[in-house]
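Note sheet for the following structure.
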Amino acid sequence: MNRSITFIAALLCAFVTVGSACAAPSDGLRFILEPQRGDGARLHASFREQRDGRNDSNWSSGFTPSELVGLEVSSFRAAGSRPLHFSVVREAGRLDCAGSGGNSFAAGNCRFTADAGFAQMLASRGIGQPTRDQAFALMAVNAHRAMLDAIAAARYPTPRMDDVIALSALGVDGRYIGDLARAGYRPQKISSLIEFKALNINAQWIGSFARAGYANLPADELVQLRALNITPDFIAGFQRIGYGNLPVNKLVELKALDITPEFVRSVTPANGAVPPLNQLAELKIFGRRR
């Protein structure tokens, strides 16, 4: 159980800190544009701010050429150097960038402009007015009004600004929220919805457990199962050797100790009965039976 909590906390930290990692430019924002490694059809853009005389890592992402509005791709790839410009336009704001490039490399400066209408919408829903840093983070993770509409329609609590950033970074959308609801799940807290998406708990995965006899599990038990990568096949393996309908807390204990059906068979005497469930941990740790 401690392992699953630690794993989830690490995942959440990675996404919740997007806001600070995407701090908006103060003294200037520089960009570098080059081909994305391993995918010649996409371009990789890195944006670095200068703050208090220091260069700090800011934001980088892969883009299709069409997402970089106004970029002349042929000029970017051609030999020599020439002026280039492009814009990244999203609901939460836009980046307008200009510089020079050629030979599949470009560099220059960008200007960030927050979208006033998007900021007003957030404030009107009780989320708050984003700071400039938060506005930049919302643009970077491509926050959408439609996602907030879906959260409101599903009657989730009002998210905080960091929640909106985390949900957007994870790619939560109306379809995901609707599919969870149709599977019978509407986590009570926004943080639980973030946990679900971070662990890729979706309607199809939930359905696989329902078909294995584990329908209507509490949300926290789903989180434990997913965090430890417990599958219906893992459960079926124990059922085949005589352990039927194991509760989730026992499945979590077995998986955390790496007790598998194969291990149980290895410690079961020939033509003998499988060990009692409460002895499996002792057998795994000490290699003996009472």
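The values are calculated or read from the model by the stated rules, or taken from the named source; none is laboratory data. Keep in mind the model is a prediction, meaning the values are calculated, not measured. Cβ sites come from the backbone with ideal geometry, for glycine too, and all protein chains shown count toward neighbours. Accessible surface areas use protein heavy atoms only, side chains included; no ligands, DNA or RNA. Shrake-Rupley method; radii C 1.70, N 1.55, O 1.52, S 1.80 Å.
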Since ILE201 meets every condition but one in (1) open to solvent by 20 Å² or more (accessible area, probe 1.4 Å); (2) assigned to a loop (DSSP other than H, G, I, E, B); (3) under 30 Å from SER60 (Cβ atoms), which condition does it not meet?
-> (1)
Candidate set from the range 235-290 (those that are open to solvent by less than 20 Å² (accessible area, probe 1.4 Å) and out of contact with any Leu (no Cβ under 9 Å at 6 or more places or on another chain)); member that is nearest to GLY213 (Cα to Cα) = GLY237
Inspect the range 94-117 for any residue being part of a helix (DSSP H, G or I), more than 20 Å from GLN36 (Cα to Cα) and open to solvent by 10 Å² or more (accessible area, probe 1.4 Å) and give the result as yes or no.
-> yes
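If we keep just the residues of the range 181-198 that are in a helix (DSSP H, G or I) and over 16 Å from ASP163 (Cβ atoms), which is least open to solvent (accessible area, probe 1.4 Å)? It would help to see each step written out before you state the result.
We begin by selecting, within the range 181-198, every residue in a helix (DSSP H, G or I); these are 181-182, 190-198.
Subset that is over 16 Å from ASP163 (Cβ atoms): 181-182.
Working: ALA181: 58, ARG182: 179 Å².
The qualifying residue least open to solvent (accessible area, probe 1.4 Å) is ALA181.
Check SER191, SER168 and return the single one that is under 30 Å from SER60 (Cβ atoms) and at pLDDT 95 or above.
Working: SER191 fails: at pLDDT 95 or above.
Of the residues listed, the single one that is under 30 Å from SER60 (Cβ atoms) and at pLDDT 95 or above is SER168.
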Can you name the number of the only condition in (1) under 22 Å from the mean Cα position of the chain (by Cα); (2) surrounded by fewer than 16 Cβ atoms within 10 Å (Cβ to Cβ); (3) in a strand (DSSP E or B) that PRO83 fails?
-> (1)
Say whether the condition of being in contact (Cβ under 8 Å) with a residue 24 or more places away in the chain, under 24 Å from VAL141 (Cα atoms), of a type outside the set (D, E, K, R) and in contact with a Gly (Cβ under 9 Å, 6 or more places away or on another chain) is met by at least one residue in the range 100-107.
-> yes
